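Since the structure comes first, as structure tokens, the remarks are kept for the end.
The values are calculated or read from the model by the stated rules, or taken from the named source; none is laboratory data. Everything numeric here is computed off the predicted structure, so don't read it as measured data. Here the Cβ positions follow ideal geometry from the backbone for every residue, glycine too, while neighbour counts run over all protein chains shown.
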């Protein structure tokens, strides 16, 4: 995986330069270690799938980034990196064990049933909407107009008053009466 002491020294020098603010050295370091991290993750956790391995690689790279200030350039780089990889692999193993214990994999199923009778709630909601529209149409003109403007078009009292010429209090009363009437009509139909 890691070829030699020369590579260890080279990676250590890149990290040292990165710590000094050299972004090109940091990018080169990350490009050099990413395949090695991926190889370690595949070797230890390859059985869980490629997506999980890539997640572990990203977690390791993030940990390297977060811990880069803790690297001591007088010490070898590779053992420092391997310690981070092992810690993230252990975290991944614990997460995998928790998931496997609690989750049951199932085949995807249809959201609705093929039998039309089983999907009757959809038809009922369409019936309820048409019942509501019919009940609104049956209201006296002033109440119907108040409901349409204030509740359906969501105009303010001031806007509805200017549009109809009715006072704001008259619109409030008409809306209240309309809602009471709708509750009675729709309540009786549903029972």
Going through segment 149-163 one residue at a time, which ones are in a helix (DSSP H, G or I) and buried (at least 16 other Cβ atoms within 10 Å of the Cβ)?
149, 150, 157, 160, 161
It is to be established whether one or more residues within segment 118-127 are assigned to a helix (DSSP H, G or I), at pLDDT 75 or above and surrounded by 10 or more Cβ atoms within 10 Å (Cβ to Cβ).
no
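From the list 53, 57, 85, exactly one residue is surrounded by 15 or more Cβ atoms within 10 Å (Cβ to Cβ), assigned by TED's automatic domain parsing to the domain that holds residue 28, closer than 16 Å to residue 34 by Cβ and modelled with pLDDT under 85. Which is it?
Details: 57 fails: modelled with pLDDT under 85; 85 fails: modelled with pLDDT under 85.
Result: 53 is the single residue among 53, 57, 85 that is surrounded by 15 or more Cβ atoms within 10 Å (Cβ to Cβ), assigned by TED's automatic domain parsing to the domain that holds residue 28, closer than 16 Å to residue 34 by Cβ and modelled with pLDDT under 85.
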Can you say whether residue 186 is surrounded by 11 or more Cβ atoms within 10 Å (Cβ to Cβ), at pLDDT below 85 and part of a helix (DSSP H, G or I), as far as the supplied structure shows?
yes
Which numbered condition residue 80 fails, given (1) in a loop (DSSP other than H, G, I, E, B); (2) modelled with pLDDT of 90 or more:
(1)
